[in-house]
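As structure tokens, the structure follows; a few thoughts come after it.
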Amino acid sequence: DGTDPALAREDQDNAVLSALVRLAALITSSRGATDLIETVAETTRELLNAASVSISRLEDDRTILRTLINVGSLGPGEQRRPAHETYQVADFPESLAFLVGQPVQRVVTDVNDPRAEAAEVALLRSLGKSSSLKTKIILDGRVWGELWASRESAAPSFNNHDSDVAKVIVALVSAGLAQAAAWQAMEERVSTDLLTGLHNRHFLEDSFERELIQAERSGHHVSVIMGDLDHFKRVNDRYGHLAGDQVLRVFSNVLKNFARASDILCRYGGEEFLLVLPGVTEEGAVERAEQFRHATEATPVSSGDRLITVTASFGVATYPKHGRTTVELIGAADAALYSAKAEGRNRVHLCGDPHQSW
């Protein structure tokens, strides 16, 4: 068409450079790995003129590659955020062995290349694609995962220029993942109780408020359990503070064993612990608190050559019956706990029913 090839290539390079600068800015501003991975996948598809892009993580045993996201024109059975899409590295010895320290044999695969790996060709054909490009992602000097791009038959196969662009992209990804990991570690330090590993009150304030907003919209219950170790001062006085710390850790593990993924579990202060149970009625919360109580009493704590038996008391309150704000509900659960301890300890009380215990 009369266009100077050198000028056309310069325009292409400038477009790639501009997109890479934009990607670097997006990665720098991202604090979470999930958002970062999605941004990278979408931008990579544009940069490589790819039909689809997938980012996968190599699992700890280094034998399985788990796909985290697929973007673009997806093939049969593919999902944007798959729950169970995995590949055995051993099934793709030419295409994936470079992820586990073996020499790179085939970065680009074309279905029409008679030398192409049969397993990779079969995968491409099953997805309706004709070529692929794969590049490893490095984090902290170790292979973290893989970026995989594909094209359809109407597009030319990937070339060395595409491979060079992909290498720049994954270098940016590595820096972004390291940054996201640093942010996550910092947030965990801010929101975690160092002794027990549970959430702390700082984390509780925001997350509890969000649950109540959601409950108001949906009409669901939210229950609160306040737990307190009985006679904990005696443990410290008789066995020492190291033994007391061990009791707190064991009690925390008892609570964790009965907690669901959606529950908010925190050390509220000293020997007091608070659980927020989204979607749980007062009857369900009382049953859970009774499980905690029995398990605590049945779990002696080893301290040196001694076994320390401890008990705990619990107070229960539920939204919206016993309060509509975090302050009201925590106060109601605390009042129920006080009632349980005043009546003899090692029991569960429901807010507003001081004479009923289990």
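Tell me the residue from T318, T325 that is of a type in the set (V, I, T) and at pLDDT 95 or above, please. Residue meeting the stated conditions: T318.
Which ones in the range 95-115 are within 15 Å of S131 (Cα to Cα) and either open to solvent by less than 40 Å² (accessible area, probe 1.4 Å) or not polar (S, T, N, Q) (or both)? S95, R106, V107, V108, T109, D110, V111, D113, P114, R115 - these are the residues of the range 95-115 that are within 15 Å of S131 (Cα to Cα) and either open to solvent by less than 40 Å² (accessible area, probe 1.4 Å) or not polar (S, T, N, Q) (or both). W183 - would you say it is modelled with pLDDT of 85 or more and either buried (at least 19 other Cβ atoms within 10 Å of the Cβ) or within 25 Å of the chain's Cα centre (by Cα) (or both)? Spelling it out, it is not the case that W183 is modelled with pLDDT of 85 or more and either buried (at least 19 other Cβ atoms within 10 Å of the Cβ) or within 25 Å of the chain's Cα centre (by Cα) (or both). Restricting R260, R345 to residues that are more than 28 Å from E216 (Cβ to Cβ), among the basic types (K, R) and part of a loop (DSSP other than H, G, I, E, B) narrows the list to R345. Considering (1) over 17 Å from R45 (Cβ atoms); (2) part of a helix (DSSP H, G or I); (3) at pLDDT 80 or above; (4) not small (G, A, S), the lone condition that D162 does not fulfil carries the number (1).
Mind listing whichever residues of the range 39-80 are basic (K, R) and surrounded by 13 or more Cβ atoms within 10 Å (Cβ to Cβ)? Selection gives R45, R57, R62, R66. Scanning the range 308-328 for residues that are of a type outside the set (K, R) and surrounded by fewer than 24 Cβ atoms within 10 Å (Cβ to Cβ) gives I308, T309, V310, T311, P320, H322, G323, T325, T326, V327, E328. So, of the residues in the range 120-145 that are at positive phi and without any contact (Cβ under 8 Å) to a residue 40 or more places away in the chain, which turns out to be surrounded by the most Cβ atoms within 10 Å (Cβ to Cβ)? The residue in question is D140. Among all residues of the range 253-260, there is at least one that is β-branched (V, I, T) and either open to solvent by 70 Å² or more (accessible area, probe 1.4 Å) or under 30 Å from A215 (Cβ atoms) (or both).
Residues checked against (1) assigned to a helix (DSSP H, G or I); (2) in contact with a Leu (Cβ under 8 Å, 6 or more places away or on another chain); (3) more than 20 Å from A335 (Cβ to Cβ):
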site: M226; (1), (2), (3): no, yes, no
site: G244; (1), (2), (3): yes, no, yes
site: L248; (1), (2), (3): yes, yes, yes
site: S252; (1), (2), (3): yes, yes, yes
site: L275; (1), (2), (3): no, yes, no
site: E283; (1), (2), (3): yes, no, no
site: V286; (1), (2), (3): yes, yes, no
site: L307; (1), (2), (3): no, no, yes
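Being in contact with a helix residue (DSSP H, G or I) (Cβ under 6 Å, 6 or more places away or on another chain) and more than 20 Å from A336 (Cα to Cα) narrows it down to one of V222, V276, V247, so name that one.
Of the residues listed, the single one that is in contact with a helix residue (DSSP H, G or I) (Cβ under 6 Å, 6 or more places away or on another chain) and more than 20 Å from A336 (Cα to Cα) is V247.
From G315, G323, G284, G344, grab the single residue that is more than 17 Å from R267 (Cα to Cα) and touching a residue at least 12 places away in the same chain (Cβ under 8 Å). Just a single option satisfies the conditions, and that option is G284. The single condition among (1) in contact with a strand residue (DSSP E or B) (Cβ under 8 Å, 6 or more places away or on another chain); (2) β-branched (V, I, T); (3) within 26 Å of C351 (Cβ to Cβ) that V250 does not satisfy is (3).
The values are calculated or read from the model by the stated rules, or taken from the named source; none is laboratory data. Small disclaimer: the values here were computed from a predicted structure and weren't measured. We place every Cβ from the backbone using ideal geometry, glycine too, and count neighbours over all the protein chains shown. Just the protein is used for accessible areas: all its heavy atoms, side chains included, with ligands, DNA and RNA removed. Shrake-Rupley method; radii C 1.70, N 1.55, O 1.52, S 1.80 Å.
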